[in-house]
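Here the structure is laid out as structure tokens; the discussion comes afterwards.
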Amino acid sequence: MNAIVTLPLVHAERAALVRRRRDSACAELWNALDAVKDPEIPVLSLYDLGVLRDIRRAADGVTVVLSPTYSGCPAMETMEADVRRQLLAAGVRQVVIERALSPPWTTDWMDARARLALKDYGIAPPDTVCCPQCGSHDASVVSDFGSTACKALYRCNACLEPFDHFKPL
Amino acid sequence: MNDTDSLLTRYAIRLGDDAMVHGQRLCEWSSNAPTLEEDLALANVALDYLGRARMLYSLAGNLCGQSEDELAFTRDTRAFQNLLILELPRGDFAFTLVRQFLLDEFEHLFFDALTASANEMLAAIAGKTRKEVAYHRRRSQEWLRRFGLGTAESARRAQAALDTLWGYVDEMFAVDDLEATLIAEGIAADRAVLRATWQAAVTHAIEAAALTVPDTTWRIEGGRQGLHTEHLGHLLSEMQFMQRAYPGLSW
């Protein structure tokens, strides 16, 4: 059964990110970084998440701007290492990673495609709590915190399966 | 380093100490919480605090030339400037969550105010923190209600926690010379003006949970001067053990 997924309007920051990528002088680097996924959610790239904010050519290499999701998210270091590895493999000589805290990352920066990918992967996207297995909205919270800081744990009252919900932040 | 930078360094370190010490206390629950779900929740909240401590220590460290690790693991009790309420032992589950509630209600106001800081980095950290606090707060408010309206035993424990903690809350709103100077410069948030709003919110929640706002009159403070309870030394000796035993150790 397919759930009805409400497609949110594109957040202004997301639109700005899409424009930055479109107008960027280093399209090949953006493309290369599409291979870098969230280590905990391997169906979403850092670009899909909105964690990858910008790529700039610098004098001797490339500067990559990342926005951390949760301040204590242990996946950030893995993401940074993966970005570095990917760019070095693409022939970049030097990679500088900048962390941008402001504006703070929000789940609003994920676009509709990313939300659908989350749902298909079995994680309820941030918009509404909706069972990714059967599409029911009848669910009870089991724990405000799930397997990672960004998720809460629910149980579907229709199909009785547990599922993770990507918390709106 | 100019005067403002030196004050800002000390300010970021004390806010970092608050987050570090509280995060460490929450970490102590790992594998000890009453249920698996609460174990995950406490560890996740702890991670938010550790992340916050890292951001604040690196802000300070960039100004004073020390690393995050040096600030966290090589300073002794007298150099730590955290609020005393945060270093008290974790107690039982009610004590931990009631403390979290009092703190969340404060941080919710404080980090909101700090987003207006003239220091961009501090404002950015506050903007990030504010969102995480909103989530913590929802959970601790919920627990306060459950304790108060749950069983006689849960209400008794929550009330005991409130009674023990009440003498420590004033320090959350104390402004010393350092903060007064930074408030005048638009860098620090004025915690003193948050007191009335906090008091109203906390009173409302405590009464809604059928608990009683304590009427204790004793007050204690000293954390900002490095004058701590006996508990901080024990906490640090555990937290800093690896760096003390193997200086410079890294993963």
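Under conditions of 10 °C and 1.306 mPa s, the stretch B:110-238 yields 94 µm² s⁻¹ as its translational diffusion coefficient, taking Rh as the Kirkwood radius over Cα pairs in the Stokes-Einstein equation.
Karplus-derived 3J(HN,Hα) values for the stretch B:199-211, using 6.51 cos²θ - 1.76 cosθ + 1.60 with θ = phi - 60°, are 4, 5, 5, 5, 4, 4, 5, 5, 5, 5, 8, 6, 10 Hz; glycine and proline are entered as x. Its Cα gyration tensor gives the stretch A:72-169 an equivalent ellipsoid; the semi-axes, largest first and in whole Å, are 32, 14, 12. Comparing Cα centroids, the stretch A:128-151 and the stretch B:120-165 end up 22 angstrom apart.
When the accessible areas of B alone and A alone are added and the area of the pair subtracted, with a 1.4 Å probe, the result is around 1900 Å², both sides summed.
Inter-chain neighbour count for B:39-52: the average number of beta-carbon atoms from partner chains within 10 Å of each residue's beta-carbon is 5.
When the alpha carbon coordinates of the stretch A:112-166 are projected onto the principal axes, the ranges are 27, 24, 16 Å, largest first.
Phi-derived couplings, Karplus 6.51 cos²θ - 1.76 cosθ + 1.60 at θ = phi - 60°, listed residue by residue for the stretch A:105-114: 4, 9, 5, 4, 7, 7, 8, 4, 5, 5 Hz, with x used for Gly and Pro.
Computing Rg and the Kirkwood Rh from the Cα coordinates of the stretch B:3-245 gives a ratio, Rg/Rh, of 0.95.
The modelled label-to-label distance between residue A:113 and residue B:116, using points 7 Å beyond Cα along the C-beta direction, is 4.2 nm. Projecting the Cα atoms of B:101, B:56, B:181 onto the charge dipole of chain B (Cβ charges, centred on the Cα centre) puts B:101 farthest toward the positive pole. Of the accessible area of the protein assembly as shown, computed with a 1.4 Å probe over protein heavy atoms only, carbon and sulfur atoms account for 54 percent. Here the alpha carbons of the protein assembly as shown define both size measures, Rg and Dmax, at 22.5, 68 Å. Legend note: in chain A, cysteines whose Cβ sits 4.7 Å or more from every other cysteine Cβ are A:26, A:73, A:130, A:150. Charging the Cβ of each Asp and Glu at -1 and of each Lys and Arg at +1, and nothing else, the dipole of the protein assembly as shown about its Cα centre rounds to 880 debye. Based on alpha-carbon centroids, what's the gap between the stretch B:194-249 and the stretch B:17-89 in Å, whole number please? A separation of 12 Å, based on Cα centres.
Put simply, the stretch B:23-146 fits an ellipsoid with semi-axes of 25, 19, 12 Å; these come from the alpha carbon gyration tensor as the roots of five times its eigenvalues, largest first. Scaled against the 2.2 N^0.38 Å expected of a compact globular protein of N residues, the Cα radius of gyration of the stretch A:2-109 reads 1.08.
Label separation (residue A:158 vs residue B:151): 3.7 nm, computed from points 7 Å beyond Cα along the C-beta direction.
Over the residues of chain B, the helix contribution to mean residue ellipticity at 222 nm works out to -21500 deg cm²/dmol, using -39500 (n - 2.57) for each DSSP H run of at least 4. Stretching the chain fully between residue A:57 and residue A:43 yields a gain of 2.3 nm (0.36 nm per residue, less the alpha carbon separation).
Placing dummy labels 7 Å off each Cα toward the beta-carbon, the span from residue A:22 to residue B:196 is 5.0 nm.
The residues of the stretch A:135-164 occluded by other protein chains by 50 Å² or more of accessible area, set against the chain on its own, are A:144, A:145; surface from heavy atoms, 1.4 Å probe. Computed with a 1.4 Å probe over protein heavy atoms only, the accessible surface of the stretch B:3-245 comes to 40 Å² per residue.
Shielding value for A:91-102 is 2, the average number of Cβ atoms from other chains within 10 Å of each residue's Cβ.
The values are calculated or read from the model by the stated rules, or taken from the named source; none is laboratory data. Just so we're clear, the structure is a prediction, and the values are computed from it rather than from any experiment. So basically every Cβ, Gly included, is an ideal-geometry build from the backbone, and we count neighbours across all protein chains shown. Ligands, DNA and RNA are stripped out before the accessible areas are found, and what is left, the full protein with its side chains, is counted by its heavy atoms. Shrake-Rupley method; radii C 1.70, N 1.55, O 1.52, S 1.80 Å.
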